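Quick notes on the structure that follows.
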(Lines give C-alpha, C1' and ligand atoms only; values in the text may rest on other atoms or scores of the structure.)
Protein backbone atom coordinates (compact mmCIF):
# COMPACT_ATOMS: atom_id res chain seq x y z
CA UNK A 1 0.00 0.00 0.00
CA UNK A 2 2.92 2.30 0.64
CA UNK A 3 4.11 2.04 -2.95
CA UNK A 4 0.54 2.35 -4.26
CA UNK A 5 0.13 5.67 -2.43
CA UNK A 6 3.61 6.83 -3.43
CA UNK A 7 2.91 6.51 -7.14
CA UNK A 8 -0.38 8.34 -7.12
CA UNK A 9 -2.72 5.47 -6.28
CA UNK A 10 -3.11 4.35 -9.93
CA UNK A 11 -3.97 0.79 -10.92
CA UNK A 12 -1.18 -1.27 -12.40
CA UNK A 13 1.49 -0.04 -9.98
CA UNK A 14 2.97 -2.79 -7.75
CA UNK A 15 1.78 -2.68 -4.16
CA UNK A 16 3.65 -5.51 -2.43
CA UNK A 17 7.27 -5.99 -1.44
CA UNK A 18 9.80 -3.24 -2.06
CA UNK A 19 9.88 -0.61 -4.77
CA UNK A 20 9.56 -2.07 -8.26
CA UNK A 21 13.08 -1.88 -9.83
CA UNK A 22 11.46 -1.33 -13.25
CA UNK A 23 10.12 2.03 -12.11
CA UNK A 24 12.34 5.13 -12.34
CA UNK A 25 13.83 6.33 -9.07
CA UNK A 26 12.96 9.94 -9.90
CA UNK A 27 9.17 10.47 -9.46
CA UNK A 28 9.26 13.23 -12.08
CA UNK A 29 9.97 10.59 -14.73
CA UNK A 30 6.49 9.18 -14.06
CA UNK A 31 5.01 12.44 -15.31
CA UNK A 32 5.65 11.63 -18.99
CA UNK A 33 3.47 8.49 -19.22
CA UNK A 34 0.84 10.15 -17.03
CA UNK A 35 0.75 13.18 -19.33
CA UNK A 36 0.45 10.89 -22.34
CA UNK A 37 -2.41 9.03 -20.66
CA UNK A 38 -4.30 12.24 -19.84
CA UNK A 39 -3.73 13.61 -23.34
CA UNK A 40 -5.48 10.60 -24.88
CA UNK A 41 -8.48 10.89 -22.54
CA UNK A 42 -11.43 12.54 -24.28
CA UNK A 43 -13.38 14.92 -22.08
CA UNK A 44 -17.10 14.30 -22.25
CA UNK A 45 -19.33 17.17 -23.28
CA UNK A 46 -21.49 18.88 -20.70
CA UNK A 47 -25.14 18.67 -21.71
CA UNK A 48 -26.38 21.84 -23.39
CA UNK A 49 -29.19 22.31 -20.88
CA UNK A 50 -26.76 21.92 -18.00
CA UNK A 51 -24.53 24.57 -19.53
CA UNK A 52 -27.52 26.92 -19.74
CA UNK A 53 -28.41 26.22 -16.11
CA UNK A 54 -24.82 26.92 -15.07
CA UNK A 55 -24.82 30.21 -16.96
CA UNK A 56 -28.11 31.36 -15.40
CA UNK A 57 -27.05 30.49 -11.85
CA UNK A 58 -23.66 32.16 -12.30
CA UNK A 59 -25.18 35.32 -13.77
CA UNK A 60 -27.60 35.50 -10.85
CA UNK A 61 -24.92 35.12 -8.20
CA UNK A 62 -22.37 37.32 -10.01
CA UNK A 63 -24.55 40.37 -10.65
CA UNK A 64 -26.13 40.59 -7.19
CA UNK A 65 -23.07 42.06 -5.39
CA UNK A 66 -22.65 44.58 -8.20
CA UNK A 67 -26.30 45.65 -7.99
CA UNK A 68 -25.79 47.27 -4.57
CA UNK A 69 -25.79 43.86 -2.90
CA UNK A 70 -29.36 43.21 -4.02
CA UNK A 71 -30.76 45.73 -1.54
CA UNK A 72 -32.99 47.47 -4.08
CA UNK A 73 -36.35 46.00 -5.08
CA UNK A 74 -35.56 46.14 -8.80
CA UNK A 75 -32.42 44.04 -8.29
CA UNK A 76 -34.40 41.53 -6.23
CA UNK A 77 -36.95 41.18 -9.04
CA UNK A 78 -34.10 40.54 -11.50
CA UNK A 79 -32.68 37.86 -9.21
CA UNK A 80 -36.10 36.29 -8.74
CA UNK A 81 -36.66 36.14 -12.50
CA UNK A 82 -33.29 34.49 -13.07
CA UNK A 83 -33.99 32.00 -10.28
CA UNK A 84 -37.35 31.04 -11.81
CA UNK A 85 -35.88 30.61 -15.29
CA UNK A 86 -32.94 28.62 -13.92
CA UNK A 87 -35.15 26.17 -12.06
CA UNK A 88 -37.47 25.72 -15.06
CA UNK A 89 -34.52 24.94 -17.35
CA UNK A 90 -33.05 22.58 -14.75
CA UNK A 91 -36.31 20.57 -14.71
CA UNK A 92 -36.46 20.14 -18.51
CA UNK A 93 -35.82 16.45 -19.41
CA UNK A 94 -32.43 15.83 -21.01
CA UNK A 95 -31.55 13.55 -23.90
CA UNK A 96 -27.97 12.36 -23.42
CA UNK A 97 -25.96 11.08 -26.38
CA UNK A 98 -22.66 9.22 -26.58
CA UNK A 99 -20.85 12.56 -26.66
CA UNK A 100 -22.27 13.30 -23.19
CA UNK A 101 -21.93 9.85 -21.61
CA UNK A 102 -19.12 8.07 -23.43
CA UNK A 103 -21.42 5.03 -23.65
CA UNK A 104 -25.11 4.51 -24.37
CA UNK A 105 -27.62 7.31 -24.99
CA UNK A 106 -30.51 7.77 -22.58
CA UNK A 107 -33.19 10.24 -21.49
CA UNK A 108 -33.03 11.75 -17.99
CA UNK A 109 -36.17 13.07 -16.30
CA UNK A 110 -35.22 15.72 -13.73
CA UNK A 111 -38.30 16.45 -11.63
CA UNK A 112 -38.17 13.25 -9.48
CA UNK A 113 -34.83 14.44 -8.15
CA UNK A 114 -36.45 17.65 -6.96
CA UNK A 115 -39.30 15.81 -5.26
CA UNK A 116 -36.80 13.61 -3.38
CA UNK A 117 -34.84 16.65 -2.18
CA UNK A 118 -35.63 17.26 1.54
CA UNK A 119 -34.56 20.91 1.41
CA UNK A 120 -37.20 21.58 -1.25
CA UNK A 121 -40.04 20.49 1.04
CA UNK A 122 -38.54 22.22 4.09
CA UNK A 123 -38.19 25.41 2.06
CA UNK A 124 -41.76 25.19 0.75
CA UNK A 125 -43.00 24.76 4.33
CA UNK A 126 -41.00 27.81 5.45
CA UNK A 127 -42.34 29.93 2.58
CA UNK A 128 -45.85 28.77 3.42
CA UNK A 129 -45.35 29.82 7.04
CA UNK A 130 -44.17 33.28 5.96
CA UNK A 131 -47.16 33.67 3.63
CA UNK A 132 -49.56 32.54 6.35
CA UNK A 133 -48.20 35.17 8.73
CA UNK A 134 -48.50 37.85 6.04
CA UNK A 135 -52.15 36.88 5.47
CA UNK A 136 -52.86 36.93 9.23
CA UNK A 137 -51.38 40.24 10.43
CA UNK A 138 -51.58 41.22 14.08
CA UNK A 139 -50.09 44.68 13.43
CA UNK A 140 -50.66 47.19 10.63
CA UNK A 141 -48.25 49.86 9.46
CA UNK A 142 -49.76 53.35 9.32
CA UNK A 143 -48.25 56.73 8.45
CA UNK A 144 -49.27 60.37 8.06
CA UNK A 145 -46.45 61.13 5.64
CA UNK A 146 -44.07 62.39 8.31
CA UNK A 147 -44.27 59.76 11.02
CA UNK A 148 -45.25 56.10 11.11
CA UNK A 149 -46.65 53.80 13.80
CA UNK A 150 -48.00 50.27 14.21
CA UNK A 151 -51.64 49.62 15.06
CA UNK A 152 -52.79 46.34 16.55
CA UNK A 153 -55.55 44.71 14.47
CA UNK A 154 -57.86 41.73 14.87
CA UNK A 155 -56.46 38.40 13.65
CA UNK A 156 -56.86 34.67 14.14
CA UNK A 157 -55.24 34.13 17.52
CA UNK A 158 -54.43 30.43 17.21
CA UNK A 159 -52.58 30.87 13.89
CA UNK A 160 -49.07 32.33 13.49
CA UNK A 161 -49.44 36.09 12.97
CA UNK A 162 -47.28 38.72 11.34
CA UNK A 163 -47.28 42.38 10.34
CA UNK A 164 -48.90 44.25 7.48
CA UNK A 165 -46.28 46.60 6.06
CA UNK A 166 -45.56 48.16 2.65
CA UNK A 167 -43.46 46.16 0.20
CA UNK A 168 -41.02 49.03 -0.25
CA UNK A 169 -40.35 49.11 3.49
CA UNK A 170 -39.28 45.46 3.53
CA UNK A 171 -42.61 43.99 4.54
CA UNK A 172 -43.24 40.23 4.74
CA UNK A 173 -43.99 39.78 1.02
CA UNK A 174 -40.60 41.19 0.11
CA UNK A 175 -38.88 38.83 2.55
CA UNK A 176 -40.88 35.98 1.02
CA UNK A 177 -39.56 36.91 -2.43
CA UNK A 178 -35.94 36.94 -1.21
CA UNK A 179 -36.27 33.58 0.54
CA UNK A 180 -38.01 32.07 -2.50
CA UNK A 181 -35.13 33.22 -4.71
CA UNK A 182 -32.56 31.57 -2.46
CA UNK A 183 -34.58 28.33 -2.33
CA UNK A 184 -34.91 28.15 -6.11
CA UNK A 185 -31.16 28.71 -6.59
CA UNK A 186 -30.45 25.89 -4.12
CA UNK A 187 -32.87 23.53 -5.90
CA UNK A 188 -31.46 24.48 -9.31
CA UNK A 189 -27.93 23.56 -8.26
CA UNK A 190 -29.08 20.30 -6.67
CA UNK A 191 -31.12 19.20 -9.67
CA UNK A 192 -29.32 20.80 -12.61
CA UNK A 193 -25.63 20.22 -11.78
CA UNK A 194 -24.76 16.62 -12.62
CA UNK A 195 -21.12 16.91 -13.75
CA UNK A 196 -18.05 17.62 -11.69
CA UNK A 197 -16.80 19.92 -14.44
CA UNK A 198 -19.96 22.03 -14.06
CA UNK A 199 -19.32 22.59 -10.36
CA UNK A 200 -15.66 23.27 -11.02
CA UNK A 201 -16.63 26.06 -13.42
CA UNK A 202 -19.19 27.29 -10.88
CA UNK A 203 -16.54 27.67 -8.17
CA UNK A 204 -14.12 29.28 -10.62
CA UNK A 205 -16.69 31.93 -11.53
CA UNK A 206 -17.40 32.71 -7.86
CA UNK A 207 -13.71 33.03 -7.05
CA UNK A 208 -13.07 35.27 -10.06
CA UNK A 209 -16.04 37.48 -9.23
CA UNK A 210 -14.79 37.82 -5.65
CA UNK A 211 -11.38 38.83 -6.96
CA UNK A 212 -12.96 41.52 -9.15
CA UNK A 213 -14.98 42.87 -6.20
CA UNK A 214 -11.87 42.88 -4.04
CA UNK A 215 -9.97 44.90 -6.63
CA UNK A 216 -12.78 47.46 -6.82
CA UNK A 217 -12.88 47.74 -3.02
CA UNK A 218 -9.11 48.21 -2.82
CA UNK A 219 -9.26 50.81 -5.59
CA UNK A 220 -11.89 52.69 -3.58
CA UNK A 221 -9.45 52.91 -0.69
CA UNK A 222 -6.55 53.95 -2.94
CA UNK A 223 -8.65 56.55 -4.77
CA UNK A 224 -10.94 57.99 -2.05
CA UNK A 225 -14.32 59.08 -3.33
CA UNK A 226 -17.73 59.73 -1.81
CA UNK A 227 -19.58 58.16 -4.76
CA UNK A 228 -20.26 54.46 -5.32
CA UNK A 229 -18.35 53.23 -8.37
CA UNK A 230 -17.25 56.87 -8.64
CA UNK A 231 -20.65 57.60 -10.24
CA UNK A 232 -23.46 58.20 -7.73
CA UNK A 233 -24.01 58.94 -4.06
CA UNK A 234 -24.78 55.98 -1.78
CA UNK A 235 -28.24 55.88 -0.19
CA UNK A 236 -28.46 57.78 3.11
CA UNK A 237 -24.73 58.52 3.01
CA UNK A 238 -23.90 54.90 3.84
CA UNK A 239 -20.32 53.73 4.37
CA UNK A 240 -20.15 51.61 1.23
CA UNK A 241 -17.49 49.16 0.09
CA UNK A 242 -17.10 47.63 -3.37
CA UNK A 243 -20.67 47.15 -4.65
CA UNK A 244 -22.32 47.05 -1.23
CA UNK A 245 -24.14 49.94 0.41
CA UNK A 246 -23.02 48.77 3.86
CA UNK A 247 -19.32 48.05 4.32
CA UNK A 248 -19.94 45.17 6.75
CA UNK A 249 -21.98 43.41 4.09
CA UNK A 250 -19.16 43.96 1.63
CA UNK A 251 -16.70 42.38 4.04
CA UNK A 252 -19.01 39.41 4.69
CA UNK A 253 -19.55 38.75 0.97
CA UNK A 254 -15.82 38.90 0.28
CA UNK A 255 -15.33 36.47 3.14
CA UNK A 256 -17.56 33.97 1.31
CA UNK A 257 -15.56 34.58 -1.87
CA UNK A 258 -12.36 33.96 0.09
CA UNK A 259 -13.80 30.66 1.31
CA UNK A 260 -14.37 29.45 -2.25
CA UNK A 261 -10.94 30.68 -3.36
CA UNK A 262 -9.13 28.92 -0.52
CA UNK A 263 -11.07 25.74 -1.25
CA UNK A 264 -9.97 25.81 -4.90
CA UNK A 265 -6.37 26.56 -3.96
CA UNK A 266 -6.25 23.61 -1.55
CA UNK A 267 -7.98 21.25 -3.98
CA UNK A 268 -5.64 22.08 -6.89
CA UNK A 269 -2.60 21.88 -4.59
CA UNK A 270 -3.46 18.41 -3.28
CA UNK A 271 -4.53 17.17 -6.71
CA UNK A 272 -1.18 18.32 -8.07
CA UNK A 273 0.55 16.21 -5.43
CA UNK A 274 -1.42 13.12 -6.33
CA UNK A 275 -0.76 13.59 -10.04
CA UNK A 276 2.86 14.62 -9.58
CA UNK A 277 2.14 17.77 -11.58
CA UNK A 278 4.95 20.23 -12.14
CA UNK A 279 2.54 23.17 -11.99
CA UNK A 280 -1.15 23.81 -11.37
CA UNK A 281 -3.48 26.77 -10.65
CA UNK A 282 -3.05 26.52 -6.86
CA UNK A 283 -0.60 29.43 -6.84
CA UNK A 284 -3.00 31.62 -8.82
CA UNK A 285 -5.83 31.00 -6.35
CA UNK A 286 -3.48 31.60 -3.43
CA UNK A 287 -2.80 35.00 -5.02
CA UNK A 288 -6.57 35.58 -5.38
CA UNK A 289 -7.03 34.66 -1.72
CA UNK A 290 -4.32 37.10 -0.65
CA UNK A 291 -5.88 40.01 -2.53
CA UNK A 292 -9.35 39.14 -1.22
CA UNK A 293 -8.03 38.94 2.35
CA UNK A 294 -6.49 42.40 1.98
CA UNK A 295 -9.83 43.71 0.71
CA UNK A 296 -11.68 42.26 3.72
CA UNK A 297 -9.24 43.98 6.07
CA UNK A 298 -9.45 47.39 4.40
CA UNK A 299 -13.25 47.18 4.24
CA UNK A 300 -13.08 48.13 7.96
CA UNK A 301 -15.62 45.38 8.69
CA UNK A 302 -14.29 44.28 12.07
CA UNK A 303 -16.46 41.21 12.51
CA UNK A 304 -15.61 39.92 9.03
CA UNK A 305 -11.90 40.56 9.65
CA UNK A 306 -11.87 38.65 12.94
CA UNK A 307 -13.78 35.78 11.35
CA UNK A 308 -11.42 35.77 8.37
CA UNK A 309 -8.35 35.56 10.58
CA UNK A 310 -9.80 32.61 12.49
CA UNK A 311 -10.80 30.86 9.27
CA UNK A 312 -7.37 31.32 7.68
CA UNK A 313 -5.56 30.14 10.81
CA UNK A 314 -7.61 26.93 10.82
CA UNK A 315 -7.06 26.33 7.09
CA UNK A 316 -3.31 26.99 7.17
CA UNK A 317 -2.86 24.88 10.31
CA UNK A 318 -4.81 22.01 8.76
CA UNK A 319 -2.74 22.20 5.57
CA UNK A 320 0.54 22.12 7.51
CA UNK A 321 -0.63 19.12 9.54
CA UNK A 322 -1.65 17.33 6.35
CA UNK A 323 1.69 18.04 4.69
CA UNK A 324 3.77 17.07 7.71
CA UNK A 325 2.00 13.82 8.57
CA UNK A 326 0.14 12.63 5.48
CA UNK A 327 1.99 13.95 2.39
CA UNK A 328 4.25 11.40 0.70
CA UNK A 329 6.63 13.92 -0.89
CA UNK A 330 8.95 15.35 1.77
CA UNK A 331 9.71 18.42 -0.35
CA UNK A 332 6.13 19.68 -0.24
CA UNK A 333 6.23 21.29 3.25
CA UNK A 334 9.29 23.30 2.18
CA UNK A 335 7.54 24.47 -0.98
CA UNK A 336 4.46 25.34 1.09
CA UNK A 337 6.50 27.44 3.53
CA UNK A 338 8.16 29.32 0.66
CA UNK A 339 4.78 30.06 -0.95
CA UNK A 340 3.32 31.30 2.32
CA UNK A 341 6.31 33.58 2.89
CA UNK A 342 6.06 35.00 -0.62
CA UNK A 343 2.34 35.73 -0.37
CA UNK A 344 2.75 36.95 3.19
CA UNK A 345 5.31 39.47 1.93
CA UNK A 346 2.90 40.52 -0.81
CA UNK A 347 0.09 41.00 1.70
CA UNK A 348 2.30 43.06 4.01
CA UNK A 349 3.41 45.23 1.09
CA UNK A 350 -0.17 45.72 -0.07
CA UNK A 351 -1.35 46.65 3.41
CA UNK A 352 1.38 49.24 3.80
CA UNK A 353 0.51 50.70 0.41
CA UNK A 354 -3.13 50.92 1.43
CA UNK A 355 -2.33 52.58 4.75
CA UNK A 356 -4.26 49.93 6.65
CA UNK A 357 -3.56 51.56 9.99
CA UNK A 358 -7.15 52.79 10.08
CA UNK A 359 -8.37 49.21 9.70
CA UNK A 360 -6.28 48.01 12.63
CA UNK A 361 -7.27 51.06 14.69
CA UNK A 362 -10.96 50.31 14.20
CA UNK A 363 -10.38 46.64 14.95
CA UNK A 364 -8.55 47.42 18.20
CA UNK A 365 -11.21 49.94 19.22
CA UNK A 366 -13.81 47.20 19.11
CA UNK A 367 -11.74 44.84 21.27
CA UNK A 368 -10.00 47.05 23.82
CA UNK A 369 -11.69 48.49 26.88
CA UNK A 370 -15.13 47.16 26.10
CA UNK A 371 -15.29 48.47 22.55
CA UNK A 372 -16.18 51.83 21.00
CA UNK A 373 -19.60 53.50 21.04
CA UNK A 374 -20.90 51.44 18.13
CA UNK A 375 -20.07 48.16 19.86
CA UNK A 376 -21.57 49.31 23.17
CA UNK A 377 -24.83 50.34 21.51
CA UNK A 378 -25.09 46.99 19.76
CA UNK A 379 -24.69 45.22 23.08
CA UNK A 380 -27.57 47.26 24.49
CA UNK A 381 -29.65 46.57 21.37
CA UNK A 382 -29.02 42.86 21.84
CA UNK A 383 -30.39 43.10 25.39
CA UNK A 384 -33.56 44.73 24.05
CA UNK A 385 -33.81 42.13 21.29
CA UNK A 386 -33.47 39.36 23.88
CA UNK A 387 -36.43 40.86 25.76
CA UNK A 388 -38.36 40.75 22.50
CA UNK A 389 -37.38 37.12 21.97
CA UNK A 390 -38.58 36.14 25.45
CA UNK A 391 -42.04 37.52 24.65
CA UNK A 392 -42.31 36.09 21.13
CA UNK A 393 -40.27 32.87 20.97
CA UNK A 394 -43.30 30.60 20.58
CA UNK A 395 -45.05 32.14 17.57
CA UNK A 396 -42.72 34.94 16.41
CA UNK A 397 -43.66 38.36 15.05
CA UNK A 398 -43.47 37.43 11.37
CA UNK A 399 -40.76 37.87 8.74
CA UNK A 400 -39.85 41.51 8.28
CA UNK A 401 -41.58 42.45 11.53
CA UNK A 402 -38.56 43.03 13.76
CA UNK A 403 -37.85 46.63 12.75
CA UNK A 404 -41.52 47.64 13.04
CA UNK A 405 -42.11 46.20 16.52
CA UNK A 406 -38.66 46.65 18.09
CA UNK A 407 -39.48 50.22 19.34
CA UNK A 408 -41.83 48.61 21.90
CA UNK A 409 -38.76 47.15 23.62
CA UNK A 410 -36.27 49.77 22.49
CA UNK A 411 -38.00 52.48 24.52
CA UNK A 412 -36.90 50.80 27.76
CA UNK A 413 -33.24 51.47 26.86
CA UNK A 414 -32.75 55.26 26.53
CA UNK A 415 -29.25 54.98 25.06
CA UNK A 416 -30.59 53.26 21.94
CA UNK A 417 -33.99 55.02 21.84
CA UNK A 418 -32.86 58.58 21.17
CA UNK A 419 -29.71 60.22 19.89
CA UNK A 420 -27.85 62.57 22.26
CA UNK A 421 -29.24 65.43 20.12
CA UNK A 422 -32.80 64.28 20.88
CA UNK A 423 -33.80 62.59 17.61
CA UNK A 424 -35.31 59.08 17.51
CA UNK A 425 -33.14 56.08 16.69
CA UNK A 426 -34.51 53.30 14.48
CA UNK A 427 -32.99 49.83 14.60
CA UNK A 428 -34.27 47.90 11.60
CA UNK A 429 -32.12 44.92 12.51
CA UNK A 430 -30.84 43.45 15.75
CA UNK A 431 -27.22 43.26 14.46
CA UNK A 432 -27.47 39.64 15.55
CA UNK A 433 -29.14 37.19 13.17
CA UNK A 434 -29.15 34.52 15.87
CA UNK A 435 -31.63 36.70 17.76
CA UNK A 436 -33.54 38.26 14.88
CA UNK A 437 -34.28 34.99 13.07
CA UNK A 438 -36.13 33.27 15.97
CA UNK A 439 -37.85 36.56 16.87
CA UNK A 440 -39.41 36.71 13.40
CA UNK A 441 -39.93 33.01 12.65
CA UNK A 442 -40.85 31.78 16.12
CA UNK A 443 -40.48 28.16 17.18
CA UNK A 444 -42.21 26.65 14.08
CA UNK A 445 -39.93 28.48 11.67
CA UNK A 446 -36.85 27.84 13.77
CA UNK A 447 -37.56 24.09 13.74
CA UNK A 448 -37.69 24.20 9.94
CA UNK A 449 -34.32 25.97 9.81
CA UNK A 450 -32.83 23.37 12.17
CA UNK A 451 -34.29 20.59 10.02
CA UNK A 452 -32.63 22.09 6.94
CA UNK A 453 -29.29 22.26 8.73
CA UNK A 454 -29.66 18.67 9.90
CA UNK A 455 -30.44 17.54 6.36
CA UNK A 456 -27.25 19.10 5.02
CA UNK A 457 -25.23 17.65 7.91
CA UNK A 458 -26.50 14.12 7.23
CA UNK A 459 -25.85 14.41 3.49
CA UNK A 460 -22.29 15.65 4.04
CA UNK A 461 -21.40 13.22 6.83
CA UNK A 462 -22.60 10.26 4.78
CA UNK A 463 -20.13 11.25 2.08
CA UNK A 464 -17.19 11.78 4.50
CA UNK A 465 -16.91 15.36 3.27
CA UNK A 466 -13.87 16.05 5.47
CA UNK A 467 -11.80 13.84 3.16
CA UNK A 468 -12.40 16.26 0.27
CA UNK A 469 -10.43 19.50 0.65
CA UNK A 470 -12.78 21.71 -1.37
CA UNK A 471 -15.96 20.57 0.36
CA UNK A 472 -14.30 20.73 3.78
CA UNK A 473 -13.09 24.31 3.30
CA UNK A 474 -16.43 25.49 1.87
CA UNK A 475 -18.40 23.94 4.75
CA UNK A 476 -15.95 25.37 7.30
CA UNK A 477 -16.23 28.81 5.72
CA UNK A 478 -20.03 28.71 5.58
CA UNK A 479 -20.09 27.81 9.28
CA UNK A 480 -17.66 30.67 10.00
CA UNK A 481 -20.00 33.18 8.32
CA UNK A 482 -22.90 31.74 10.32
CA UNK A 483 -20.86 32.32 13.49
CA UNK A 484 -20.08 35.86 12.32
CA UNK A 485 -23.82 36.55 12.05
CA UNK A 486 -23.92 36.41 15.86
CA UNK A 487 -22.25 39.85 15.80
CA UNK A 488 -23.90 41.35 12.71
CA UNK A 489 -26.74 40.79 10.24
CA UNK A 490 -25.18 39.46 6.99
CA UNK A 491 -28.17 37.23 6.20
CA UNK A 492 -30.41 40.28 5.87
CA UNK A 493 -28.53 41.02 2.64
CA UNK A 494 -29.98 39.13 -0.38
CA UNK A 495 -26.63 38.71 -2.16
CA UNK A 496 -24.98 37.16 0.92
CA UNK A 497 -27.98 35.01 1.82
CA UNK A 498 -28.34 33.58 -1.69
CA UNK A 499 -24.62 32.84 -2.10
CA UNK A 500 -24.37 31.30 1.38
CA UNK A 501 -27.34 29.04 0.66
CA UNK A 502 -25.92 28.09 -2.76
CA UNK A 503 -22.64 26.90 -1.26
CA UNK A 504 -24.33 24.08 0.67
CA UNK A 505 -25.72 22.14 -2.32
CA UNK A 506 -22.55 22.91 -4.28
CA UNK A 507 -20.32 21.41 -1.55
CA UNK A 508 -22.60 18.39 -1.14
CA UNK A 509 -22.93 17.61 -4.86
CA UNK A 510 -19.20 18.16 -5.34
CA UNK A 511 -18.15 15.56 -2.79
CA UNK A 512 -20.68 13.10 -4.23
CA UNK A 513 -19.38 13.54 -7.78
CA UNK A 514 -15.79 13.32 -6.56
CA UNK A 515 -16.59 9.97 -4.93
CA UNK A 516 -18.19 8.71 -8.13
CA UNK A 517 -15.16 9.75 -10.15
CA UNK A 518 -12.83 8.03 -7.69
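The values are calculated or read from the model by the stated rules, or taken from the named source; none is laboratory data. Not measured: the values here are computed from a predicted model. A quick note on method: Cβ atoms are made from the backbone with ideal geometry, for glycine too, and the neighbour counts reach across all protein chains shown.
Key figures
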item: Flag if residue 258 is in the same structural domain as residue 496 (by TED's automatic domain parsing), crowded, with 17+ Cβ neighbours inside 10 Å and touching a helix residue (DSSP H, G or I) at 6+ places or on another chain (Cβ under 6 Å); result: yes
item: Test: residue in region 481-496 that is modelled with pLDDT of 95 or more, in a helix (DSSP H, G or I) and either at positive phi or not assigned by TED's automatic domain parsing to the domain that holds residue 60 (or both); result: no
item: Residue check for residue 500: assigned to a helix (DSSP H, G or I), closer than 15 Å to residue 251 by Cβ and either in contact with a strand residue (DSSP E or B) (Cβ under 9 Å, 6 or more places away or on another chain) or touching a residue at least 24 places away in the same chain (Cβ under 8 Å) (or both); result: yes
item: Hits in region 187-234 - residues which are free of Cβ contacts under 8 Å to residues at least 40 places away in the same chain and part of a strand (DSSP E or B); result: 232
item: Filter result for residue 344 (part of a helix (DSSP H, G or I), at pLDDT 90 or above, surrounded by fewer than 16 Cβ atoms within 10 Å (Cβ to Cβ) and assigned by TED's automatic domain parsing to the domain that holds residue 239); result: no
item: Qualifying residue in region 60-70 (condition: surrounded by fewer than 16 Cβ atoms within 10 Å (Cβ to Cβ) and free of Cβ contacts under 8 Å to residues at least 24 places away in the same chain); result: no
item: Sole exception among (1) within 30 Å of residue 195 (Cβ to Cβ); (2) more than 31 Å from the chain's Cα centre (by Cα) for residue 139, by number; result: (1)
